[in-house]
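Participant: Here it is, the structure in full.
The values are calculated or read from the model by the stated rules, or taken from the named source; none is laboratory data. Quantities reported herein were computed from a predicted structural model and do not represent experimental measurements. Using ideal geometry, Cβ is built from the backbone for each residue, glycine included, and neighbour counts are taken over all protein chains shown. Surface accessibility is based on the protein's heavy atoms, side chains included, excluding ligands, DNA and RNA. Shrake-Rupley method; radii C 1.70, N 1.55, O 1.52, S 1.80 Å.
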Amino acid sequence: MQTAIVTGGAGFIGSHLVDRLIAAGYSRVVVLDNLATGSWENLAGHPPEVVWRVPHDICEPWDPSPLAGQPVDLVVHLASPASPVHYRRLAIETLWVNSKGTGNALDLARHFGARFVLGSTSETYGDPLVSPQSESYWGNVNPIGPRACYDESKRFAEALSMEYHRRWGLDVRILRFFNCYGPRMQSEDGRVVPNFIRQALSGEPLTVYGDGRQTRSFCYVSDEVEAIWKAATLPGLAGEVFNVGNPEERTILSFAELVANLVGVPLVVKAEPLPEDDPKTRCPDIAKARRLLGWEPVVPLEEGLQRTIAYFRQRLTV
Ligand SMILES: NC(=O)c1ccc[n+]([C@@H]2O[C@H](COP(=O)([O-])OP(=O)(O)OC[C@H]3O[C@@H](n4cnc5c(N)ncnc54)[C@H](O)[C@@H]3O)[C@@H](O)[C@H]2O)c1
């Protein structure tokens, strides 16, 4: 029996990863989630004896005795609010889940002798002074700004994971996700993809912050999950960090045009001031992932958006 533990597995990326692990032959996935921003509904396709739904705040240690004597070979730590709306609302919880929570998830991996995959973020680069960002760039982060609860705690999570690797030889792999999108995102979480799609589907103007010339890159969730899978299973990657994202960069304004086009509505924009510390550019250098994981995104933006729009169309009409 092959068992994996996924913290935050009831969330957007986590639930897709659970699907992937089961499809790849895992006979059990233990999901630890406090439902701060996730939902068990995202795991509805799996029987409860195969995918365990364990309501648990990972800021507290999880007692692994229900798995006593059973091998666990993988711990993936994804628990954390991920969108600015949620991590501002849950600022202190975000700091704790990425610090105490990461420590508890690392201890679980140590307990089982499992490989540990950390879901980190491009936000560790802050408002970058170089673009695209490669893994060797150290970032430009404001430690006391409104995004610091997320950026700084993820940087701490990376540092802690590396020290578990150095001190105890834990097989740690760190993934810095850039913007990811797809079905099961929450329509109200304030991220640009669900925002634009929800607004376009409801006939509202699309909210663009600043002049819309800031750039983002968007990676479809199945591509993202494939990178996690490869990083979790390929040998010889202990202590490595990878950017995971789509290097195709777009201005927010051209993205708004594309969404309006695909939904079939004229583009009407509502301009709002740029939030404090909002990064002007966000583009991954994925040369390392290409080289060591043999990975790159394959789902074109139009196709991924069509699938996401179909999901939101269905959700918003029921
Ligand atoms: N989606 C993206 O574009 C993106 C980009 C960069 C990094 N990430 C990282 O990927 C991970 C998953 O993001 P997502 O987009 O799926 O977000 P999400 O909010 O959909 O999922 C996060 C999950 O973690 C759970 N959670 C939060 N705090 C917890 C706690 N204390 N204990 C247990 N569970 C807790 C939530 O309930 C939720 O199910 C996060 O760590 C996030 O920082 C995501």
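Participant: Please list, ordered by residue number, the strands (runs of 3 or more DSSP E) wholly in the range 205-318 having 3 or more residues that are farther than 20 Å from Ser134 by Cα, in contact (Cβ under 8 Å) with a residue 40 or more places away in the chain and open to solvent by 60 Å² or more (accessible area, probe 1.4 Å).
Facilitator: Details: elements: 206-209, 215-217, 240-244, 249-251, 269-272.
By residue number, 269-272.
Participant: Continuing with this model, one more query. Taking Glu60 as the residue in question, decide whether it is more than 8 Å from the ligand (Cβ to nearest atom), assigned to a loop (DSSP other than H, G, I, E, B), at pLDDT 95 or above and closer than 25 Å to Glu152 by Cβ.
Facilitator: Working: more than 8 Å from the ligand (Cβ to nearest atom): yes; assigned to a loop (DSSP other than H, G, I, E, B): yes; at pLDDT 95 or above: yes; closer than 25 Å to Glu152 by Cβ: yes.
Yes.
Participant: Another one. Of all residues in the range 80-134, which are small (Gly, Ala, Ser), open to solvent by less than 20 Å² (accessible area, probe 1.4 Å) and within 11 Å of the ligand (Cβ to nearest atom)?
Facilitator: Ser83, Gly101, Ala105, Gly119, Ser120, Ser122 - these are the residues of the range 80-134 that are small (Gly, Ala, Ser), open to solvent by less than 20 Å² (accessible area, probe 1.4 Å) and within 11 Å of the ligand (Cβ to nearest atom).
Participant: Quick one: would you say Ser161 is among the hydroxyl-bearing types (Ser, Thr, Tyr), surrounded by fewer than 19 Cβ atoms within 10 Å (Cβ to Cβ) and touching a residue at least 24 places away in the same chain (Cβ under 8 Å)? Steps first, answer last, please.
Facilitator: Details: among the hydroxyl-bearing types (Ser, Thr, Tyr): yes; surrounded by fewer than 19 Cβ atoms within 10 Å (Cβ to Cβ): no; touching a residue at least 24 places away in the same chain (Cβ under 8 Å): yes.
No, not satisfied.
Yes/no per residue for (1) touching a strand residue (DSSP E or B) at 6+ places or on another chain (Cβ under 8 Å); (2) at pLDDT 95 or above; (3) aliphatic (A, V, I, L, M):
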| residue | (1), (2), (3) |
| --- | --- |
| Leu35 | yes, yes, yes |
| Pro47 | no, yes, no |
| Pro71 | yes, yes, no |
| Leu95 | no, yes, yes |
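Participant: Related question: What are the residues in the range 41-57 that are outside any loop (DSSP other than H, G, I, E, B) and either within 9 Å of the ligand (Cβ to nearest atom) or not hydrophobic (A, V, I, L, M, F, W, C) (or both), if any? If you could, list the steps in order and put the result at the bottom.
Facilitator: Just the residues of the range 41-57 that are outside any loop (DSSP other than H, G, I, E, B), to begin with: 41-43, 51-55.
The answer is Glu41, Asn42, Arg53, Pro55.
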